[in-house]
């Protein structure tokens, strides 16, 4: 669920997310940080995960303000019992820095390009293969 959806009808969003949580569905806030984030939603919505928008990971290594925002968002999410997914990770240096900040997981071109559904199983099988010893 994107921030913009949450903000467009907050009362309905709260009701729907609450109903999904009661069904055991895990809900993530996608593109977190790009809209008009409200800490009220983090307090009220029974979400399990924040997906930090790629606009923050792209310049994580070159912009001190961005780094501070990412670090504080990860800390806040963890204090609220939420997982954090960093979107748009494209290089090892960014991944390493996110790991040092205790980011839970990442997604992006570093890991894989988008795939058609019929190619996914082959990619998973290839990714799970043991690495040759060097």
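Some points to look at:
- Computed [θ] at 222 nm, helices only, for the chain once each DSSP H run of length n ≥ 4 contributes -39500 (n - 2.57): -14000 deg cm²/dmol
- Percent of Cα pairs in the chain per distance bin of 5 Å, from zero to the largest separation: 2, 9, 17, 19, 17, 14, 12, 7, 2, 1, 0, 0.
- Max mean-square fluctuation residue, GNM over the chain, Cα-Cα springs under 10 Å, options 24, 88, 108: 24
- Separation of the range 109-129 and the range 24-79, taken as the distance between their Cα centroids, equals 26 angstrom.
- Cα long-axis angle, helix 10-22 against the chain (0 to 90 degrees, to the nearest 10): 60 degrees
- Structural descriptor for the chain: relative contact order 18 percent, calculated from alpha carbon pairs under 8 angstrom and at least 6 residues apart.
- Crossing angle, helix 117-128 versus the chain [Cα axis fit, 0-90 degrees, rounded to tens]: 60 degrees
Every number here is computed from the coordinates shown, using simple stated rules; none is lab data. Computed from a predicted model, the values in this text were never measured in an experiment.
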